[in-house]
Amino acid sequence: MQSDDVDTEQNDTITTAAASTDPAQGLAAVRALRTLADRLEEVQVASAREQGWSWQAIAEVLQISRQAVHQKHSARERD
């Protein structure tokens, strides 16, 4: 099975769980979406920094403070 097939299957599972009337499934979907959003943010912030974006520019797009984005992501830049 290809990665795209797995991603589509996972997305379908999350979508189904999010629409469920079972709170356990719905809350599991919330957790999965938070994990996905956190990972996406990590990847995109790293990409922006590699392309020369300032912490301020990233913070403005994410609608958070420069300090918050710097504190959350700057350690990865030093690794």
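Each value in this text was obtained by applying a stated rule to the coordinates, not by laboratory testing. From a predicted model like this one, the values you see are computed outputs, not experimental measurements. FYI the Cβ positions are ideal-geometry reconstructions off the backbone, even for glycines, and counts take in every protein chain you see.
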Work from the charge dipole of region 13-79 (Cβ charges, +1 for Lys and Arg, -1 for Asp and Glu, about the Cα centre) and give the residue of A29, W55, Q71 farthest towards its positive end. Q71
Angle in degrees between helix 3-18 and the longest Cα principal axis of the chain, rounded to the nearest 10: 70
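Just want to confirm a number: the relative contact order over the chain, from Cα pairs under 8 angstrom separated by 6+ residues, in percent.
Values: 33 pairs, mean separation 12.2, N = 79.
Once divided by the residue count of the chain, the mean separation gives 15 percent.
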If R₀ is 35 angstrom, what is the calculated FRET efficiency for the pair A19 and S65, using the beta carbon separation as r and rounding to 0.05? 0.55
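Taking the Cα centre of region 3-78 as origin, sum charge times position over the Cβ atoms of Lys and Arg (+1) and Asp and Glu (-1), and report the length of that vector in debye to the nearest 20.
Values: 8 positive and 12 negative charges, 120 e Å.
With only Lys, Arg, Asp and Glu charged at Cβ, the dipole is about 580 debye.
Given 0.36 nm per residue, what is the gain on full extension from S74 to L27 after removing their alpha carbon distance, in nm? Before the final figure, lay out the partial values.
On the way: separation 47, 0.36 × 47 = 16.92 nm, distance 3.02 nm.
Here the answer is 13.9 nm.
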Helix 66-78: inclination vs the chain longest Cα principal axis, degrees, rounded to 10, gives 90
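Restricting to DSSP H runs of at least four residues, report the calculated mean residue ellipticity at 222 nm for the chain, -39500 (n - 2.57) per run over all residues, nearest 500 deg cm²/dmol. Could you put the intermediate results ahead of the total?
Numbers: 4 runs with 65 residues, N = 79.
The helix contribution divided over the chain gives -27500 deg cm²/dmol.
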Please list, in order along region 46-60, the HN-Hα scalar couplings obtained from phi with the Karplus expression 6.51 cos²θ - 1.76 cosθ + 1.60 (θ = phi - 60°), rounded to whole Hz, x for Gly and Pro. 4, 4, 4, 5, 4, 8, x, 5, 7, 4, 5, 5, 5, 4, 5
